[in-house]
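Asks: One structure follows; several queries about it will come next.
Values in this text are rule-based calculations from the coordinates and carry no lab data. What you see is a predicted model, and the numbers here were worked out from it, not measured in a lab. Here Cβ is always computed from backbone atoms with ideal geometry, including for glycine, and neighbour counts include all displayed protein chains.
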Amino acid sequence: MTRYVIGRLGGVVVILLAVCLFTYLIFFKLSPDPAVMICGKTCTPDRIDSIRTVLGLNQPLLTQFWEFLQGIVAGRDYGTAHCSAPCLGYSFQTNESVWTMITARLPVSITVAVGAAILWLLAGVAGGLISAVRQGTWWDRSAMALALTGVSVPNYVLALVLQYLLVVKLQVLPFPSAPAFSDNPGLWFESYLMPWTVLAIGYACLYARLTRANVIDTLAENFVRTARAKGLQRSLILRRHALRPALTPITTIFGMDFAGLLGGALITETVFGLNGIGKLAADSIAKNDQPVIMAVTLLAAFFVVIGNVVVDLVYTALDPRVRITSA
């Protein structure tokens, strides 16, 4: 098991280096003039020459990339400005470290992702399990029809409808404003309830359909029939023999979905005006702030890679066969 974990962590380092190199090539090699792109839409020739000098764009590409990696580990100087580690770049439009901009927005994205994930896991797995147990009943047909409807509705449409009904028409919830939990826990919960719901509905419907299909397939396996023949309680069969193997594919997509949300829920954060990573990426694209776009891309890739490793480790707890293989 220890050898397996060390091997996976070593693979993470290699993958992250490859992602950094690939992303750096896209933004600095494929761009006609990186200094012009980094400077933004309105810039003077003197400012462009200054950026080109500060970034060392006249040096060989491998030297530029090595300095970029050194900045992530030990920090870097951009002219008179110092970017502390981990330095993912420097925004010449806002004159501040990109990492500072990200850390200011990251708590909002984490709050949105964690809250939505809890809702969609509880609703999706529970709904799918009940539908599988009551296969063919009115509950099963109704739940799957709702699930299909929920998957089909775009997030931004659902967000706008909820805003109109709950904020404008009924006035039961405030417009999302991302207040601090310590200042007002009640307002904090009410402000995030709509974003959580909007994100959770689509995922919960997908997870319900997947859970239902997996549990139905598992209930038809020989080891489940054997458990029934031994006279085990139905609840024990469902919990230990049917649901646990069915959670393996759920774990896979949950790891990827949750990691993706940590990198920013662009549409939801933009519609609700939440200053998270997704909103930061959207604003940076609109302003053509290339260092910020690049840093958000690297951060999202980091979360996905780490999420994949966590999923592999969770597999060892859910499926004993994985433990035997990785031993």
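Asks: Arrange the following residues from fewest to most other Cβ atoms within 10 Å of their Cβ: Arg239, Arg209, Arg8.
Replies: Arg239, Arg8, Arg209
Asks: Averaging sequence separations of C-alpha pairs under 8 Å and six or more residues apart, then dividing by the length of the chain, give the relative contact order as a whole percent.
Replies: Here the relative contact order equals 24 percent.
Asks: Distances longer than 21 Å among the Cα atoms of region 68-135: what percent of all pairs is that?
Replies: Values: 1172 of 2278 pairs.
Looking at region 68-135, the distances longer than 21 Å represent 51 percent of pairs.
Asks: Using the 2.2 N^0.38 Å rule of thumb for compact globular proteins, work out how region 121-274 stacks up: its C-alpha Rg over that value, please. Display every interim value, and only then the final one.
Replies: Working: Rg = 18.9 Å, N = 154, 2.2 N^0.38 = 14.9 Å.
Region 121-274 yields a ratio of 1.27.
Asks: Okay, moving on. Once you measure Cβ to Cβ distances between cysteines in the chain, which Cys have no partner under 4.7 Å?
Replies: Taking the Cβ cut-off of 4.7 Å, the unpaired cysteines of the chain are Cys20, Cys205.
Asks: Bins of 10 Å, beginning at zero and ending with the bin holding the largest distance: percent of Cα pairs per bin for region 128-170, please.
Replies: Using 10 Å bins, I get a P(r) of 26, 31, 27, 15, 0 for region 128-170.
Asks: Can you list the lysines whose alpha carbon sits under 25 Å from that of Lys41, skipping same-chain ones fewer than 8 residues off?
Replies: Correct list for Lys41: Lys29, Lys279, Lys287.
Asks: Hey, another quick one. What residue among Gly7, Leu232, Phe181 has its Cα farthest toward the positive end of the dipole of the chain, where the charges are +1 on Lys, Arg and -1 on Asp, Glu, each on the Cβ?
Replies: In the chain, that residue is Leu232.
Asks: Can you bin every Cα-Cα distance in region 2-98 into 10 Å intervals starting at zero and give me the percent of pairs per bin, rounded to whole numbers?
Replies: Spelled out per bin, shortest first, that is 14, 43, 28, 10, 4, 1.
Asks: In debye, nearest 20: dipole of the chain around its Cα centre with unit charges on the Cβ of K, R (+) and D, E (-)? Don't skip to the answer; put the middle values down first.
Replies: Details: 24 positive and 17 negative charges, 324 e Å.
That gives a dipole near 1560 debye.
Asks: Give me the one-decimal Kirkwood hydrodynamic radius in Å for the chain, with the sum taken over alpha-carbon pairs.
Replies: 22.7 Å
Asks: Could you work out the pair-distance distribution P(r) of region 182-258 from its alpha-carbon pairs, with 5 angstrom bin width and percents rounded to whole numbers?
Replies: Here the calculated profile for region 182-258 is 3, 13, 18, 15, 13, 11, 10, 8, 5, 3, 2, 0.
Asks: Now for a separate question. Arranged by the count of other C-beta atoms within 10 angstrom, fewest first, what order do Asp77, Asp289, Asp46 take?
Replies: Asp46, Asp77, Asp289
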